[in-house]
């Protein structure tokens, strides 16, 4: 492919230090290897802005805007416009102006939209290909929040889910190809389309990959603060201001760890990831648990742990934290939701349980049988190395960007 592409992302892809940024950074690098790419994206802090030279080195041109709109203002705009907050929070005239300029001046053959928030910048009259990477079904996530919530927060989440679903439908009618991180997410999205339209949309899975050379236990030394503790050392990693991650870590500390320590008195649990909220930090030290916050490199912490415990109750898409732990040969105990989309097998590559007691039993079984734990970890690494390298998972992109002879696009 030598045609030029416009890449729209709701977060600066660099540094690739959280799940969506890991995906977007690899997709952007892959697109840049195929031809010139122009990028419009948002920075959320100084770390993002510091990576602008990396972006400039990949992109033919770029627009990096510091996103500073307060949530209250985005909420007020959303109410006035009848839109989801997810859209108004990412509405910026500077990005719109850049998109218009690039489309007017460059031979853009395709627009790759990373995350539904950025679909608002695709003109209705753009004649090229539109690839819409929702990653996962955001509206379903907010529906789940609303169903499990109470009071005003449940109303807010319910409104967001309802309006996002309408926006997802609008964008699906605009796009030539709709992408999700897993077959399960793609099927969920298709099931939420109007029955009369379900055969009209090209809904596909573009799976996440893993940098198995970087996430290799032979390449890093274990974190001493973790490695010096008695076994078993359990670990949970991720962006810790993300509600499902907060809920999972809290579940372990408050519910699972007392049960685990009743059987394994020296067990400890370690939460590693940036921006833990005050309520989670307040649990540091409880029931053998530590909340470490942000670390420069998560790999030494994975190398120093014995088991990755990922009891997500609301999980959308493929969990990078699971792929990273598997690549590091850690045996993983996780819920069915956290296992979705990976394609690995319970009992062969990880252990799956949804109830508290099942998770505790799995941890105890691994602690009692180090040979089984080691075998599970080695099989997990072989699986991700062989099946989930980024080059393999992103190979379909060139074909998806190519024009389809006689293809029809739905009107916006």
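The values are calculated or read from the model by the stated rules, or taken from the named source; none is laboratory data. Bear in mind that the values here come from a model prediction, so they are computed numbers and not experimental data. Cβ sites come from the backbone with ideal geometry, for glycine too, and all protein chains shown count toward neighbours.
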**Study point:** Wholly within region 1-99, helices (runs of 4 or more DSSP H) carrying at least 3 residues that are out of contact with any helix residue (DSSP H, G or I) (no Cβ under 7 Å at 6 or more places or on another chain), over 26 Å from residue 139 (Cβ atoms) and free of Cβ contacts under 8 Å to residues at least 40 places away in the same chain
**Key:** 46-50, 52-58
Review point. Got at least one residue in region 352-372 being in a strand (DSSP E or B) and either in the same structural domain as residue 249 (by TED's automatic domain parsing) or free of Cβ contacts under 8 Å to residues at least 40 places away in the same chain (or both)?
Key: yes
Check your understanding: Do we find that residue 31 is in contact with a strand residue (DSSP E or B) (Cβ under 6 Å, 6 or more places away or on another chain) and more than 19 Å from residue 95 (Cα to Cα) in this structure?
Key -> yes
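Only one residue in 178, 210 is touching a residue at least 60 places away in the same chain (Cβ under 8 Å) and either assigned by TED's automatic domain parsing to the domain that holds residue 367 or at negative phi (or both), so which one is that?
Details: 178 fails: touching a residue at least 60 places away in the same chain (Cβ under 8 Å).
Sole residue among the options that is touching a residue at least 60 places away in the same chain (Cβ under 8 Å) and either assigned by TED's automatic domain parsing to the domain that holds residue 367 or at negative phi (or both): 210.
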Revision key, fill the gap. Conditions (1) in the same structural domain as residue 339 (by TED's automatic domain parsing); (2) crowded, with 18+ Cβ neighbours inside 10 Å; (3) in a loop (DSSP other than H, G, I, E, B) -> residue 234 fails only (3)
Check your understanding: In region 328-351, what residues are without any contact (Cβ under 8 Å) to a residue 12 or more places away in the chain and surrounded by 15 or more Cβ atoms within 10 Å (Cβ to Cβ)?
Key -> none
